[in-house]
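Q: Submitted below is the structure of interest, expressed as structure tokens.
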Amino acid sequence: MWVACCVLAVPALALSFKPLSPVPLPEAQVEVGPSARKGWVVYEVRPGDTLAGIASRYGVDPRHILWSSGLQDYRLQVGERLFIPLVAGEERPPRVPPGVEAYRVRPGDTLAGIASRYGVSVLDLVSANPSLESLDRLVAGSVLYVPRGAKGLLLTLGEGETLVDLASRFGLSPVKVAKANGVENPAELRPGDLVLLPGIQAKTTYQNLLAKQEAERRARLEAERRRQEELRRLAEERRRQQALGQARRQQAQVARPQVRRVSYREGGMRWPLSGFRITTYFGQRGAFQRYHTGIDLAAPYGTPIVAAKSGQVEVAGWSSVGYGFHVVLDHGGGVETLYAHMSRIAVRPGEWVEAGEVIGYVGSTGWSTGPHLHFEVRVGGVARNPLSYLP
């Protein structure tokens, strides 16, 4: 059984604190930082090793290894001993096991797409990234670890935790775990370093993510089903209202087969209110205000509104363009009057009303800032100044 400070029984590595005399390169001066060294790791070169790879593994500058080992160039010989400086006071990035690639997620990436690109399974990716929260959504710019060599569970070494602790927790041989991670001295590992546990798969995490993915898919389908159902209901309601309106218009025509149509020239109009004051006149109200298509008559809430001229009720109901409860009377000859912002309507579409007959009551519905009547006169569908038609 190992302890945290032991050295693996392999010939590649030993710790040394013996200072070495640096041998400078003959053709160029190697500049190294002023950091104080506390010792060296003695490393024996193996087949396939490169200086850059070894330097990356230990988080040092390749030039430091050149200087410490007295090398003349970057070429290495199998069995050659390198002295890798351990630098005090410098933080190195977390160590990543050999054969594990750090991939930065790009927009549009999916877990399945990355797995297919690298020739691994989605389970392999989940095992190398057990903190994943979704199989569907990846955050662009985040780092995903991809196993290119040995596959297994990739964990972060915690404070006070050793490689031996991780191996024991999962019932693995410490020597096997050390070999899979390219570690020859467990003391090299620091908290935050990544450790690969070969042959271990995060199956439970993967199954939980699959279940979460399926639940989210069902929730999306249910939300879409409800949306479509609501659209169908609204469409059906519109058709029903249109049919009802058509039926009422036909009924009104049958009930009044001979509606008397009068032209505007047969008589003038009367004021639709009593006890009012004009608050807004017809026309342009200001450089940045909308054109006012009628006149506003302020009166107490509930004041009766009467027909300015005899005619047939063309519209009586709620307006979608700001008039609130309103009534439109057809006086014949293309002449119409509109009464808006009512608190209550007293007539129905199709009815005939005489001049002076109550058609509603003053209110403040729709786009209104207080109780008043918005009164319009339209000729041929064009708004005219009501004051030109009133006494």
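Yes or no, residue by residue, for (1) touching a residue at least 40 places away in the same chain (Cβ under 8 Å); (2) among the hydroxyl-bearing types (S, T, Y):
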{"residue": "Y58", "(1), (2)": "yes, yes"}
{"residue": "D61", "(1), (2)": "no, no"}
{"residue": "S68", "(1), (2)": "yes, yes"}
{"residue": "P98", "(1), (2)": "yes, no"}
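Q: K203 fails exactly one of the following numbered conditions: (1) on the phi > 0 side of the Ramachandran plot; (2) under 32 Å from the mean Cα position of the chain (by Cα); (3) open to solvent by 50 Å² or more (accessible area, probe 1.4 Å). What is the number of that condition?
A: Unmet condition: (1).
Q: Do we have any residue at all in region 286-301 that's more than 14 Å from Y361 (Cα to Cα), at pLDDT below 95, open to solvent by 20 Å² or more (accessible area, probe 1.4 Å) and part of a strand (DSSP E or B)?
A: Checked against the condition, which is being more than 14 Å from Y361 (Cα to Cα), at pLDDT below 95, open to solvent by 20 Å² or more (accessible area, probe 1.4 Å) and part of a strand (DSSP E or B), region 286-301 yields at least one hit.
Q: Within region 72-87, which residues are in contact with a strand residue (DSSP E or B) (Cβ under 9 Å, 6 or more places away or on another chain), at pLDDT below 80 and open to solvent by 50 Å² or more (accessible area, probe 1.4 Å)?
A: L86, the sole residue that qualifies.
Q: Let me ask something else about it. For region 155-181, give me each residue that is under 39 Å from the mean Cα position of the chain (by Cα), β-branched (V, I, T) and crowded, with 17+ Cβ neighbours inside 10 Å.
A: none
Q: Which members of region 129-182 meet the condition of being of a type in the set (D, E, K, R), in contact (Cβ under 8 Å) with a residue 12 or more places away in the chain and over 18 Å from L209 (Cβ atoms)?
A: R148, E159, E161, K176
Q: Which one is most open to solvent (accessible area, probe 1.4 Å) among residues in region 336-385 that are among the polar types (S, T, N, Q) and either closer than 18 Å to G268 by Cα or more than 45 Å from the chain's Cα centre (by Cα) (or both)?
A: Looking at residues that are among the polar types (S, T, N, Q) and either closer than 18 Å to G268 by Cα or more than 45 Å from the chain's Cα centre (by Cα) (or both), I get N385.
Q: Let me ask something else about it. Before we move on, is E222 assigned to a helix (DSSP H, G or I), without any contact (Cβ under 8 Å) to a residue 12 or more places away in the chain and of a type in the set (D, E)?
A: So E222 fits the description; yes.
Q: Take G332 and tell me if it is open to solvent by less than 10 Å² (accessible area, probe 1.4 Å), touching a Phe, Trp or Tyr at 6+ places or on another chain (Cβ under 9 Å) and at pLDDT below 95. Explain how you work it out, then say what you get.
A: Values: open to solvent by less than 10 Å² (accessible area, probe 1.4 Å): yes; touching a Phe, Trp or Tyr at 6+ places or on another chain (Cβ under 9 Å): yes; at pLDDT below 95: yes.
Criteria met by G332.
Q: Could you please give the count of residues in region 302-341 that are over 14 Å from V377 (Cα atoms), outside any strand (DSSP E or B) and in contact (Cβ under 8 Å) with a residue 12 or more places away in the chain?
A: The qualifying residues number 6.
Q: For residues that are over 30 Å from V96 (Cα atoms) and not aliphatic (A, V, I, L, M), scanning just region 206-225, find the one that is surrounded by the most Cβ atoms within 10 Å (Cβ to Cβ).
A: Ranking the qualifying residues of region 206-225, first place goes to E216.
Q: Okay, moving on. I'm checking my understanding of the structure. Among residues of region 106-145 that are of a type in the set (V, I, T), within 20 Å of E216 (Cα to Cα) and modelled with pLDDT of 90 or more, which one is surrounded by the most Cβ atoms within 10 Å (Cβ to Cβ)?
A: Checking each candidate, the answer is V126.
Q: For region 158-180, which residues satisfy the criterion of being modelled with pLDDT under 90 and in a loop (DSSP other than H, G, I, E, B)?
A: Once the filter is applied, which keeps residues that are modelled with pLDDT under 90 and in a loop (DSSP other than H, G, I, E, B), region 158-180 yields G158, E159, G160, E161, T162.
Q: Looking only at region 183-206, which residues are touching a residue at least 12 places away in the same chain (Cβ under 8 Å) and not in a loop (DSSP other than H, G, I, E, B)?
A: Within region 183-206, P186, A187, E188, L194, V195, L196, L197, P198, K203, T205, Y206 meet the criteria.
Q: Hey, among the residues in region 182-196 that are more than 10 Å from R95 (Cα to Cα) and surrounded by 23 or more Cβ atoms within 10 Å (Cβ to Cβ), which one's modelled with the highest pLDDT?
A: Filtering region 182-196 for residues that are more than 10 Å from R95 (Cα to Cα) and surrounded by 23 or more Cβ atoms within 10 Å (Cβ to Cβ), the one modelled with the highest pLDDT comes out as L196.
Q: List the pairs whose first member sits in region 226-251 and is in contact (Cβ under 8 Å) with a residue 24 or more places away in the chain and outside any helix (DSSP H, G or I), whose second member is among the charged types (D, E, K, R) and loosely packed, with under 10 Cβ neighbours inside 10 Å, and whose Cβ atoms are under 9 Å apart, counting only residues at least 6 apart or on separate chains?
A: none
Q: Give the residue that is farthest from P147 (Cα to Cα), with candidates limited to residues of region 105-124 that are without any contact (Cβ under 8 Å) to a residue 60 or more places away in the chain and touching a Leu at 6+ places or on another chain (Cβ under 6 Å).
A: Once the filter is applied, the top-ranked residue is D109.
The values are calculated or read from the model by the stated rules, or taken from the named source; none is laboratory data. What you are looking at is a predicted structure, and each value in this text was computed from that prediction instead of being measured. Neighbour counts are summed over all protein chains in view; Cβ atoms, including those assigned to glycine, are modelled from backbone coordinates with ideal geometry. Only protein heavy atoms, including side chains, enter the accessible area calculation; ligands, DNA and RNA are left aside. Shrake-Rupley method; radii C 1.70, N 1.55, O 1.52, S 1.80 Å.
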